[in-house]
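Values quoted throughout were computed directly from the atomic coordinates according to the rules given, and no laboratory measurement underlies them. Bear in mind that the values here come from a model prediction, so they are computed numbers and not experimental data. Virtual Cβ from ideal backbone geometry, glycine too; neighbours counted across all protein chains shown.
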Amino acid sequence: MSTPVSMRRLYALCRKETWQILRDPSSNIIAFLLPVVMLFIFGYGINLDSTALRLGLVLEDTSPEARRFADNLYGSPYLRVTAGQNRREMEQAMIEGKVRGFVVVPVDFAEQLRRPGGTAPLLVVADGSEPNTANFVQNYVFGAWNGWLKQRAAERGETPPPAISVEPRFWFNPSAESRNYLIPGSITIIMTVIGALLTSLVIAREWERGTMEALLASPVTRAELLLSKLLPYYALGILSLFMCVGVAVVLLRVPFRGSLLVLWVVGSLFLGSGLGLGLLLSTVLRNQFNAAQAALNAAFLPALMLSGFIYEIRSMPEVIQAFTYLIPARYFVTAMQTIFQAGSVWPVLLRSGLFLLAAALFFVGLTALKTRRRLE
Amino acid sequence: MSEALVHLDAVRKVFPRSKQPALEGLSAVLFRGRITGLIGPDGAGKTTLMRLMAGLLAPTSGRIQVDGLDPISDPAKLREFIGYMPQKFGLYEDLSVMENLELHADLRGVLGEERITTFKRLLEFTDLSRFTTRFAGKLSGGMKQKLGLACALLGHPRLLLLDEPGVGVDPISRRELWKMVHELVAQGLAVVWSTAYLEEAELCQEVLLMNDGKLIFSGQPQELTSRVHDRSWQIRGVTGSRRQLLARALRRPEVMDGVIQGHNVRLVLRPGSAPLNLGELDAGPRAGLVPVTPRFEDAFIEALGGGPGGDSALAQKLAPVPGNHDTVVEAVDLTKKFGNFAATDHVNFAVKRGEIFGLLGPNGAGKSTTFRMLCGLLTPTSGTARVMGFDLKTSASQARQQLGYMAQKFSQYSNLTVRQNLKFFSGAYGLRGERQRQAVEGMVEIFKLHPYLDTTPDTLSLGFKQRLALACAVMHEPSIVFLDEPTSGVDPVTRREFWTHINGVVEKGVTVVVTTHFMDEAEYCDRIALVFRGKIIAAGTPDQLQDQVATKEHPDPSMEDAFISLVEAETQESSS
Amino acid sequence: MLSRIASLIVKELQGLLQDRQSRALLIVPVFLQLALFPFAATLEVKNNTLAVFNEDNGGESIELVQRLSRAQAFTQVLDLHSEVDLRRAIDNQEALIVLRFPSDFSRAVLAGRPAAIQAILDGRRSNSAQIVFGYVQQIVQDYNDERTTNRGGPQLSKLVVRYWFNPNLDYVRHIVPSLVAIITTISALIVTSLSVAREREQGTFDQLLVSPLTPGMIMVGKTIPAMLVAMGQATIILSAGVFVYRIPFQGSLLLLYGSMVFYILALAGFGLLISSLCATQQQAFLGVFSFVMPAILLSGFPSPVENMPVWLQYLDWLNPLRHFIVIVKSVFLKDLGAAALLRHLWPLLVIAVGTLGAANWMFRRRLG
């Protein structure tokens, strides 16, 4: 069935929708208040860089050598060291979660250092129940230990044994701050939620209030109906997106290196897929409550877990990896991280853009197919 | 002569996942220049038929033609000349009157000069000119209805479909609407008006009477009414309780149906039965039997197989409630304001033990608000509500144990089965073990719930839903029962059955407080209060109220007549 | 009174469990998340590409690259031949890390001079990059140690690292116990707050209020079913953790279920409080979402609580999930004792008393 669009009717419907948006506090809350609150929670609440790792220290050897090593631990900006009497005490502290790990300097530490050919062992025990933090315990202690070795050699005028070293250089994000990529990524999650929540409610609302019946009995066509739902909420979504980016850059101080034009294009494509999904659910379910719940399950959780926003997609089993290709948020996360931190890297942006375009066409197309001009 | 516009030919509609067809083998012809009434109780299939004609649903089988077009294969052309007002009017409540009109005008291509004149004409016609900037959600029921009609009239429809336009609208606005629709019909429109109010049937030139998805009559209303010709009687000059007289009359085999009408009792006899012997009915020394004009409702009851008889199985099961005739329910200066709007405005009344007290008024008049304050579900802005001397909102649960409550909206658990609902409500009122089992079984028997015990209430018909709700409210044998619109939307036979139960339990000493927007139901009450715009405009026995407005030309006014003249008197008073 | 509360509980459970759709809503997410999360929610870096820009052509760099390519983190090695290649590899996210060996690398190593490898990392994913860098550093360090020992030189000191409770730093051990807490949170809130909102919408709540049931009884009647449902779900997840994911359960079941009672009380308090503020299911749903989302994000599950700003840590004290997640993980993995558990339990008790009290007050008040 061909569905011509009359600009007059489309304009009238969009105008009506806009009035409703402006007069409905819950749309405004969802579009403007919720995103900012969520952005702050993501911005402050999620931080993968341990800056104040609680570490226990047991000095079984109290010689000057051992104290010199301990000073290096105390001096580390990343560690908050508490000393304990013995291993038992620290073990208990770790079970209770008071420390994330502890270092034991054994009784014979200084002696082994002095003994020619001796190797002075240091024991690092980390709480493995939180693997990421355990990794940080190891890395930070390693750094302090390395510093101690160099310092000791320098003081004694010795050359350290020749060694291969690896010098890290983080491009785009020199101090390797996780929030610089988490915040752009979180905007994706937020836009997913907003897009799905807003649109999942609108069509369902027309059904529930009985106004859809009056519309369907008028000469409105399917295309007009669909467009009149997409365009106003697209405008709302894009405003909300730019507001999020503004808050991220101005208040949360995340560097932004890309172009706003590119952001607008990629953002529009992503909104297309998000609004499409929301409309699809609300068209199919016709019940505000079920639509919102389904939208969250179909949008929020996959976006959080499978978009690569926090969790590395390439580390997942292949089946799940294959599945992530179907999630629009995945492409938008990549695009947002690139736009914010790297700028306009065309191959990445084009690839993401194409996938997003496909997703948008898919969801909007499916909604169009599912939109009925009848009540069944 | 009027020409045919809509042809319905053996139309059948079965919804997926439903065993029973919503419409079964329906054939009819609808004409231009006539009002065709779709009459029938809730769930009869009226809305489904409306939607089929508007092309919003496709028939499972059969054929529909509207002005030669098939609504399903040719929807675009059809929509150009159909005006449709869905139930609840289909208005955007967060848009103003003008914005609603503009939207529909744009959608229907009413532009330029034509638009200006059409708007002017419609606003005048509907008397909405003063309210163009008001949000549709803030309009009264009657104004919403007129706006809905105005929207449906944009773009020169030839067929106007109005789905339950009278629901939630006060009788005065309803009369105005009928006048407006008659004007439209005179211009050659075909109007389809669906309603559950049987008295509206007599205002239509043509009716399709429906029940359970089937057409049980089509033609002129007088034709159906003539079937009960010579069988409608009134007992006049009754002394003693008319309610008890009616119950006695209904027990007689030759009586098919009966209601109280003002001072009189109206009876419809079965075909071919002998004339009634008044002496056996103990109607009093001055009583006389007078033949009266049959009504549409009489014929309808007959079409449904007759009324329910005069005995209440429920009342037989109840133990008599002891006690004197003290005041048990009392409202003193009861007021509830929502913002500036007073939903209940300084309401005073007192109900004595063993009385049926009715709060009567159109939807939105403030009956439910008053009711909810009495039951402790709302806190009054000022004034007091007392039940047996307690404020129910703060009182101990022992006071509430004495109470039965049936809400206006069906309020049983839709995710539990009928049996589980009965068990839960009896359990919540502290019944358990053998007593609980007996109470549940008793209710199942009285309300004939056996076949539905293991189904959920949402699959029940409205009549059975209401029976279940009543069962849940009286299972614990309360001494006071609050019933909020118990008969709204149910078919007239079930309505009579409900009133039989209500009358029965009152005879046992139970106090009943009931709200209704059916004016004729007032006749069953001992005393009534007429509620209009939050105020009680009159109170007393039904006789007193009717006598108040009786005139020489109109010696025996109906309750609706009484209501309308009392409202008119009230508005004149407040405007002067 | 007990029989009336029992009627309430039976009714609630019947409503929850006998309808297929609502039963599915309680059970399907549990299994779905149980199957998906442990695999997906990992910060480990596996199957990545190691890009190498080798300007050296000696044996040492080749040896090192070979060692690195055997690591689990890298399944592919990408050879780069120019600076342009290098830039493209990082820009286009072909590799997370590029190792650049300088032209005199092998010569320096063989001559016993210090030699440096440059590691260029994609800062767009700085956490993964740091983790990969840690792997590389470990492998290079092992190589250093080996060379020192081979040459008979002394190794002055050595770090011996042990991971307790999770020797292989397996993410599953972090996730499954956390899931116990997260999934029960969601369903306990839905069962309490949404069911009250639904009763409001359908009018059954009024029926309860006019009956002799008191607000207190109604609250108990909502809380106990939530507790039963949550405990049922927790049992499924715990069993899957022990029998499917083979995580040894170290602590006391009694302690775990005992503290769960307090946790659900705290949640029921929030749920009832939300529902007392909402008129419709729609609002209740938004309310639950606005509570659950921050509760999960700030629970310490995605990232540790101590990484947050101090003010937020104080605010987060009100988040019951934050306390309970520590309890589940500690009892499950570390055999936390009863005395130490109290430190995390009393905040739950305070929250429960506060929210239930507030909800009770609101229920009485909202009638107006």
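Using alpha-carbon pairs under 8 Å, 6+ residues apart, how would you state the relative contact order of the range A:53-155 in percent?
This gives 32 percent for the range A:53-155.
Using the 10 angstrom Cβ neighbour count as an exposure proxy, how do C:Phe165, B:Phe425 rank, fewest first?
On the way: C:Phe165 22, B:Phe425 29.
So the ranking, lowest neighbour count to highest, is C:Phe165, B:Phe425.
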Report task. Could you tell me the distance between the Cα centroids of the range C:263-292 and the range B:477-532, to the nearest Å? Result -> 39
Query raised in the report: Once the Cα gyration tensor of the range A:53-155 is found, what semi-axes does its equivalent ellipsoid get, as square roots of 5 times the eigenvalues, in whole Å, sorted largest first?
Result: 23, 15, 11
Query raised in the report: Which whole number gives the average, over all residues in A:341-354, of C-beta atoms from other chains lying within 10 Å of the residue C-beta?
Result: 2
Query raised in the report: Where does the protein assembly as shown land on Rg/Rh, using Cα atoms and the Kirkwood Rh?
Result: 1.08
Query raised in the report: Using the beta-carbon distance between B:Ala4 and A:Ile238 and R0 = 60 Å, what value does 1/(1 + (r/R0)^6) give for FRET efficiency, to the nearest 0.05?
Result: 0.65
Requested in this report: Return the long-range amide H neighbours of C:Gly58 (sequence gap of 5 or more, or a different chain), with a cut-off of under 5 Å between placed amide H atoms.
Outcome: C:Ser106
Query raised in the report: Can you give me the Cα centroid spacing of the range C:59-74 and the range A:23-75 in angstrom?
Result: 34
Query raised in the report: In whole percent, what relative contact order does chain A give with Cα contacts below 8 Å and a gap of six or more residues?
Result: 20
Query raised in the report: Where in the range A:66-88 is the amide nitrogen less than 19 Å from a point lying 7 Å along the Cα-to-Cβ axis of C:Asp335?
Result: A:87-88
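How big is Rg to Rh over the range C:48-150, alpha-carbon atoms, Rh as the Kirkwood inverse-mean-distance radius? Provide the component values of the computation, followed by the final result.
Details: Rg = 13.3 Å, Rh = 13.9 Å.
Here the Rg-to-Rh quotient is 0.96.
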Query - Using alpha-carbon coordinates, inclination of helix A:260-285 to the longest axis of chain A, degrees - result: 60
Requested in this report: Sort C:Val30, B:Val531 so the one with the fewest other Cβ atoms within 10 Å of its own Cβ comes first.
Outcome: C:Val30, B:Val531
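Give me the percent of DSSP beta bridges within the protein assembly as shown that run antiparallel, rounded to the nearest 5.
Working: 59 of 133 bridges.
Bridges in the protein assembly as shown that DSSP calls antiparallel: roughly 45 percent.
May I ask you to sort B:Arg51, A:Arg23 by Cβ crowding, counting other Cβ atoms within 10 Å and putting the fewest first?
Working: B:Arg51 24, A:Arg23 14.
Taking fewest neighbouring Cβ atoms as first place, the list is A:Arg23, B:Arg51.
Normalised by the number of residues in chain B, what is the relative contact order in percent for Cα pairs under 8 Å and 6+ residues apart? Walk me through the intermediate numbers first.
On the way: 1115 pairs, mean separation 76.6, N = 576.
Computed over chain B, the figure is 13 percent.
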Report summary line: Amide H contacts under 5 Å for A:Asn173, restricted to residues at least 5 apart in sequence or on another chain and with H modeled in the peptide plane, are C:Gly123
Report task. Round to a whole angstrom and tell me the spacing of the C-alpha centers of the range B:126-204 and the range C:211-227. Result -> 46
Query raised in the report: Averaged across the residues of B:82-95, what count of C-beta atoms belonging to other chains lies within 10 Å of each residue's C-beta?
Result: 5
Query raised in the report: Under the Karplus relation 6.51 cos²θ - 1.76 cosθ + 1.60, θ = phi - 60°, what is the ordered set of whole-Hz ³J(HN,Hα) values for the range C:337-349, x standing for Gly and Pro?
Result: x, 4, 5, 5, 5, 3, 4, 9, 7, 5, x, 4, 5
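Mind giving me the FRET efficiency for A:Glu60 and C:Glu55? R0 is 35 Å, r the Cβ-Cβ distance, nearest 0.05 is fine.
0.15
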Query raised in the report: Taking Cα atoms, how many degrees apart are the long axis of helix C:2-17 and the longest axis of chain C, rounded to 10 and kept between 0 and 90?
Result: 50
Query raised in the report: Given the pairs B:Lys508/B:Lys535; B:Lys352/B:Lys409; B:Lys352/B:Lys423; B:Lys367/B:Lys409; B:Lys317/B:Lys393, which are separated by over 20 angstrom at their Cα positions?
Result: B:Lys508/B:Lys535; B:Lys352/B:Lys409; B:Lys352/B:Lys423; B:Lys317/B:Lys393
**Report entry** Shielding by partners - mean other protein chain Cβ count within 10 Å, residues of A:37-49
**Finding:** 6
Query raised in the report: How far, in nm, would the chain grow between A:Ser165 and A:Phe32 when pulled straight, counting 0.36 nm per residue and subtracting the alpha carbon separation?
Result: 42.9 nm
Report summary line: Quick P(r) readout (chain A; Cα-Cα; 10 Å bins; whole %) gives 5, 19, 23, 18, 14, 10, 7, 4, 2, 0
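Once you have a ≥ b ≥ c as the square roots of the Cα gyration tensor eigenvalues for the range B:226-307, tell me rounded if a/c is under 1.5, and otherwise prolate or oblate according to whether a/b is larger than b/c.
prolate
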Query raised in the report: Cα axis of helix C:59-69 to longest principal axis of chain C: angle in degrees, 0 to 90, nearest 10?
Result: 20
Query raised in the report: Taking the Cα centre of the protein assembly as shown as the origin and placing charges on Cβ (Lys, Arg +1; Asp, Glu -1), which of B:Asn503, A:Ile95, A:Tyr233 is farthest toward the positive end of the dipole?
Result: A:Ile95
Query - the range B:4-224 - Rg over Rh from alpha carbon coordinates, Kirkwood radius - result: 0.96
Query - Surface/4 estimate of mean projected area, convex hull on alpha-carbon atoms of chain B, nm² - result: 28.5
**Report entry** Cα-based Kirkwood hydrodynamic radius, the range B:26-76, one decimal, Å
**Finding:** 12.1
Query - Selection from B:Val549, B:Thr571, B:Met519 lying farthest towards where the dipole of the range B:513-576 points positive, charges on Cβ - result: B:Thr571
**Report entry** Label zone at C:Asn150 (point 7 Å along Cα-to-Cβ), backbone N below 20 Å, the range C:90-117
**Finding:** C:101-102, C:104-117
